[in-house]
């Protein structure tokens, strides 16, 4: 029973880490900065979304290989 609980906690922690990474990136870009160069770029917004997607996929793959997911 303890092993099953540990496995469940690993899975919950893994999904929380993936969500926390996206939340951190969105939190930084949600602040009202005036001197962030990415805000003036034409593809700044899609670029940040791409970074969020790629980082989530890479973290998912890494956690999957480690046996946490």
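Read-outs: derived from the displayed coordinates by stated rules, not from any lab. What you are looking at is a predicted structure, and each value in this text was computed from that prediction instead of being measured. Here the Cβ positions follow ideal geometry from the backbone for every residue, glycine too, while neighbour counts run over all protein chains shown.
Pairs needed: first member in region 1-26, in contact (Cβ under 8 Å) with a residue 12 or more places away in the chain; second member anywhere, not in a helix (DSSP H, G or I); C-beta distance under 7 Å; at least 6 residues apart or different chains.
10/68; 11/68; 11/69; 14/68; 14/69
When you check residue 10 against the structure, is it surrounded by 14 or more Cβ atoms within 10 Å (Cβ to Cβ) and out of contact with any helix residue (DSSP H, G or I) (no Cβ under 7 Å at 6 or more places or on another chain), yes or no?
Considered against the rule, which asks whether it is surrounded by 14 or more Cβ atoms within 10 Å (Cβ to Cβ) and out of contact with any helix residue (DSSP H, G or I) (no Cβ under 7 Å at 6 or more places or on another chain), residue 10 comes out as yes.
Answer with yes or no whether residue 68 is assigned to a loop (DSSP other than H, G, I, E, B) and in contact (Cβ under 8 Å) with a residue 12 or more places away in the chain. Even if it seems obvious, please write down each step before you answer.
Numbers: assigned to a loop (DSSP other than H, G, I, E, B): yes; in contact (Cβ under 8 Å) with a residue 12 or more places away in the chain: yes.
So residue 68 passes the test.
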